[in-house]
Amino acid sequence: MRADAARNLEAVLTTGARMLAGDPSASIGAIAAEAGVDRRTVYRRFASREDLLAAIYDSRLTAVEEVVRAARFTETAVPVALHRYAEGIVEVNRAWPVELTRMRAEPSIQDRRSRLAAEVDTFLQRATEEGFLRSDIPEGWASRLLIQLLHLASREDMDAPRAADLLVGTFLGGVGAH
């Protein structure tokens, strides 16, 4: 893909994610105009609105996968890996704010999401075994709490590293082993 075509695609996808988060009925024409490309450019790449939505969701999941890899859950100290993960997910949530619930039914998307959730759960189990998290809380509680804190931190008006600092402190202070 040419560099300008790649830039246009990125602009369409990120603009689409942002606009659809604010208005789920945003048209392809409005997304194209906001992204600074011709509507025909979008339609050459995406035959339908559903194809565009699928590409946005795929890009979001790819970004999450990159964050999980960069966090290095198995090799890095738990607090450091947790901070890397939190900071990365805050950035992903801000860059790709749209949550496309309809796409969750897609089997390939479901498989990817399940693999990512399993990696985080394995990491949280490691954090418990190493004494960073309490072992007396209900199963799945830490994972559900982390998801909520990530959503909350993503909406705060502060840079991602500071939001991750606050999240990690809150998480380890709340469910962390004291």
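Between R94 and R2, the distance separating the two model label sites (each 7 Å from Cα on the Cα→Cβ line) works out to 3.3 nm. Note on the chain: helix-only mean residue ellipticity at 222 nm, from DSSP H runs of 4+ residues weighted -39500 (n - 2.57) and normalised by residue number, equals -24500 deg cm²/dmol. Put simply, when 154-163, 30-39 are sorted by average Cβ atoms within 10 angstrom per residue, most first, you get 30-39, 154-163.
On alpha carbon coordinates alone, what is the Rg over Rh value for region 1-82, Rh being the Kirkwood radius?
1.13
Could you give the accessible area per residue of region 63-165, probe 1.4 Å, as a whole number in Å²? Could the numbers behind the result be given before it?
On the way: 5970 Å² over 103 residues.
So region 63-165 comes to 58 Å² accessible per residue, rounded to a whole number.
Convex hull volume of the C-alpha atoms in the chain, normalised per residue: 130 Å³.
Of the peptides 10-22, 135-147, 61-73, the ranking by mean beta-carbon count within 10 Å, highest at the top, reads 10-22, 61-73, 135-147. About the centre of its Cα atoms, the chain shows a dipole size close to 540 debye [charges on the beta carbon of Lys, Arg (+1) and Asp, Glu (-1) only; nearest 20 debye]. For G176, the amide hydrogen comes within under 5 Å of the amide hydrogens of R134, counting only partners 5 or more places away or on other chains and with H modelled in the peptide plane.
Summary of the geometry: region 117-178 and region 53-89, compared by the centres of their Cα atoms, lie 14 Å apart.
Relative contact order, whole percent, for region 23-178 stands at 24, derived from Cα pairs under 8 Å and 6 or more residues apart.
The values are calculated or read from the model by the stated rules, or taken from the named source; none is laboratory data. Quantities reported herein were computed from a predicted structural model and do not represent experimental measurements. Because the Cβ atoms are built from the backbone with ideal geometry, glycine has one as well, and the counts that use them run over all protein chains shown. All accessible areas refer to the heavy atoms of the entire protein, side chains included, with ligands and DNA or RNA removed. Shrake-Rupley method; radii C 1.70, N 1.55, O 1.52, S 1.80 Å.
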